[in-house]
1. Report the antiparallel proportion of the DSSP beta bridges in the stretch 4-140 as a percent, rounded to a multiple of 5.
2. Given the convex hull over the Cα atoms of the stretch 105-157, what projected area results after averaging over all orientations, in nm²?
3. Taking the radius of gyration and the Kirkwood hydrodynamic radius from Cα positions alone, what is the Rg/Rh ratio for the stretch 3-57, to two decimal places?
4. Lys and Arg at +1, Asp and Glu at -1: add these up for the other residues within a Cβ distance under 13 Å of Asp113 and post the number.
5. By average Cβ neighbour count within 10 Å, what is the ranking of 7-17, 140-150 from highest down?
6. Please give the per residue volume of the convex hull enclosing the alpha carbon atoms of the stretch 5-156, rounded to a whole number of Å³.
7. With a 1.4 Å probe and all protein chains left in place, how much of the accessible area of the chain comes from carbon and sulfur atoms, in whole percent?
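The values are calculated or read from the model by the stated rules, or taken from the named source; none is laboratory data. In this text, all values refer to a predicted model and were calculated from it rather than measured experimentally. Because the Cβ atoms are built from the backbone with ideal geometry, glycine has one as well, and the counts that use them run over all protein chains shown. Note: areas computed on protein heavy atoms with side chains; ligands, DNA, RNA excluded. Shrake-Rupley method; radii C 1.70, N 1.55, O 1.52, S 1.80 Å.
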Amino acid sequence: MPTPRVLFVCLGNICRSPLAEAAFRDAAKNAGVEVEVDSAGTADYHVGEAPDPRSIEEAQSHGIDISGYRGRQLTARDFHEFDFIFGMDRQNMANIARVDPGDGKAKTAMLLDIVPGQEGRELSDPWYGGEDNFKATWLDVKAGAEALVAILIDADA
Ligand code: 4NP
């Protein structure tokens, strides 16, 4: 299988999608699956910025350093570069569809739609919440990451 290229997308690219990127890098590494991964925001509010300190801290509590990640905005080109683009909530999916050039290769889905039993559930924004919200975000993105690794392993079997 050619190395799958996966992009995680949220609104700001400082809370959910950097954690999804980190969780998926980690899950793929643990499974011995080679992947290329990035994350982006549909908005340009935090381009060039490091993740939210609460996201950095949450990742750090799992032994993962995301302090070097930098925010960027989703572009039409991403639909040609990536095989999969995962949004976190329905608003993300609507924003992603607006950027979709229509002739790319990326398959798009809401992340929890690939987690058995979680289909249709949005991965809500922890930005206005406290540390507990970031812990919940981690558990959700980890479930998504592990489900995706399982899908990639199945597809390669
Ligand atoms: P994210 O969270 O989409 O998970 O990165 C947000 C971060 C920043 C803002 C909104 C959501 N903001 O409005 O700046």
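1. Here the share of antiparallel DSSP bridges comes out near 0 percent.
2. 4.5
3. Here the Rg-to-Rh quotient is 1.01.
4. Summing Lys and Arg as +1 and Asp and Glu as -1 gives -1.
5. Values: 7-17: 27.5, 140-150: 22.3.
Per-residue Cβ counts within 10 Å, averaged per peptide and sorted highest first, yield 7-17, 140-150.
6. 103
7. Ligands and nucleic acids excluded, carbon and sulfur reach 49 percent.
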